[in-house]
Every structure is written in C-alpha cells, then in structure tokens.
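The next block holds one structure in the form of structure tokens; read it before the comments.
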C-alpha cells in the first residue's frame, strides 16, 4: 500500500497509518511509539513492546530419531518458545531429551508426565551471540580438518567420536542462529544470506564427518599420498576463506574461488576417473567438500558487498 507524506511546519511531515493495522496492533490516539531505523525502512512499535511467546502442541507418531529431530529442529528454527509434545512411548521421551540437549540451544524440558512433554525457551537468541557463534562454526570446521587428518594418519576410528562431537556443536549453533533470524521482527536484506551461509557451513562439517566415517567402514584402506595432499590443499583454502570473511577481504575471496575451481576440475575430478577402491570414495567426498566451500563463498561475497 502507498501513503502520501503531508507537509508540516519546520520541515516535518505526517504519515497516516492504515486504520486496520493501528487497531490490530492496539495503538490508540496519544500513545507513545518507538521508531527505529532498520536496513530498508522504519520499525514502529510501542515503547514497552514485548513479543508474545509462540506456542504449539504436536503429537509424535514416529519413534524414528531423524523424524523427531527434523520436526523439533523446524519448530525451534521457526521461533516457537514453548512446544508441547504428546508422545506414546518412553523411548520417544529419551529421544526428545537427547535432541533438546544436543541441538536446541537455550531450550530445556520443563514438564514431563505420562502423556506429554513440554520444552521451553530459557535463553533467547541475540544478535551478539549470533556473531560469536558464526565465528565459532568456522573454527569448529577448522578443528575438524585437523581431526580428519589425524584419523587418516593413524588409521584410527577413535577419531570419529571426536569428529561427531564437533559436528553436534556445528549443528547446535546452526540451529540457534537460524532461530535468531526468525526471531528478528525487522526486515533485513542480509538475513537470507546468513541463513545460506549457516547451511553451507553445516554441510561442510557433515562432509568431513561422512568422509572419515565411510572410510573406516572399509576396515582396511590405504590412500595415495597425492590424494591426501588434496585434502591439505582444501583445508588451506577453507582457512583462507575464514580469514577473508572476518577481514572483509573481497579480493582474497575471488582468488579462493579460482583455486577451488582449479583443484576440483583439474585435480580431484581427473584423479577420480582413474581411481579405485578407497581412493575413489575419498575423492568423491573431497569433491563434495570442495563444492560446499565454494558455495559458502556465494553468500559471503554478498555479505561483504
């Protein structure tokens, strides 16, 4: 809808607000309002405005952990503050407890009876925490590269547990930051870019986890030194991507894109065509990892711009 600005004295202007919007938001003549500048306009609300808590009640039909996890993840990211979960077995409750602890940062179980569990937000997301956790996601992935290298060097599946712990933390922070985007009341052109960035960081972490996990399923394997050198090269490019983002260096980011294209299309893919066994599996995941890092550069470039 469009509105005309009406000229007032001393250079001021008056704007008539839509009467339906005024009534729906409980404004009255003489009310004081708070006007804040945001990225693409103004945000108007009561000075004492408090966001109403979002509540929902759901019923679990499945005892499958991924199904329950995806459902709770979605509701968490959509900004619900209180979720009542009707369940049919104690096994579902155990899964709920595990998911809340490992993936829903700021949530706790506040009630548990014979038929339902209530989980609720105890700590609300904040922009400050989002910035800190974004950096932490990068650092966790950098640490994961080191764990993968140690696991391959020592041929020791014990490193999988350490890598899985790091993956859980990346998922935890990814969920929290995406929830924070939904909780923002203002329109900000960058929120979709950050959403995309969080998703790609999560997928980079998962690629590292799958790489090591699938190799150790083979029990015995030996990788070519040449192919192992590609992993180190990719790790260096991710480190450079991290530095470019936090130093706001767009030129460095463009250089990294060229390097990622070079290693993917002129090193990994030709080697994959001539490989077999464990090396084929390893190179497949290196290609996936490289693509995810490259795709993460797209929202990063837009954010820096």
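Here 255, 217 are screened, and the one residue that is surrounded by 13 or more Cβ atoms within 10 Å (Cβ to Cβ), in the same structural domain as residue 164 (by TED's automatic domain parsing) and without any contact (Cβ under 8 Å) to a residue 40 or more places away in the chain is 255.
If you go through segment 221-233 and pick out every residue that is without any contact (Cβ under 8 Å) to a residue 12 or more places away in the chain and more than 30 Å from the chain's Cα centre (by Cα), you end up with 1.
Scanning segment 276-286 for residues that are surrounded by 19 or more Cβ atoms within 10 Å (Cβ to Cβ) and without any contact (Cβ under 8 Å) to a residue 60 or more places away in the chain yields 279, 283.
Checked against the criterion of being at pLDDT below 95 and under 16 Å from the mean Cα position of the chain (by Cα), the candidates 124, 128 yield just one match: 128. Taking the criterion of being over 20 Å from the mean Cα position of the chain (by Cα), within 20 Å of residue 123 (Cα to Cα) and modelled with pLDDT of 90 or more, the residues of segment 52-84 that qualify are 55, 56, 82, 83, 84. Applying the selection to segment 8-51, what residues are under 26 Å from residue 191 (Cβ atoms), in contact with a strand residue (DSSP E or B) (Cβ under 9 Å, 6 or more places away or on another chain), at pLDDT 75 or above and not in a loop (DSSP other than H, G, I, E, B)? Listed by number, the list holds a single entry, 33. Scanning segment 139-171 for residues that are within 25 Å of residue 98 (Cβ to Cβ) and out of contact with any helix residue (DSSP H, G or I) (no Cβ under 9 Å at 6 or more places or on another chain) gives 161, 165. Scanning segment 92-122 for residues that are buried (at least 20 other Cβ atoms within 10 Å of the Cβ) and farther than 17 Å from residue 80 by Cα returns 92, 95.
Any residue in segment 179-200 that is touching a helix residue (DSSP H, G or I) at 6+ places or on another chain (Cβ under 7 Å), in contact (Cβ under 8 Å) with a residue 60 or more places away in the chain and farther than 30 Å from residue 255 by Cβ? Yes, because at least one residue in segment 179-200 is touching a helix residue (DSSP H, G or I) at 6+ places or on another chain (Cβ under 7 Å), in contact (Cβ under 8 Å) with a residue 60 or more places away in the chain and farther than 30 Å from residue 255 by Cβ. Of the residues 248, 222, 217, the single one that is modelled with pLDDT under 95 and on the phi > 0 side of the Ramachandran plot is 248.
The values are calculated or read from the model by the stated rules, or taken from the named source; none is laboratory data. Everything quoted here is computed from the prediction, not taken from an experiment. All Cβ positions, glycine included, derive from the backbone under ideal geometry; neighbour counts span all protein chains shown.
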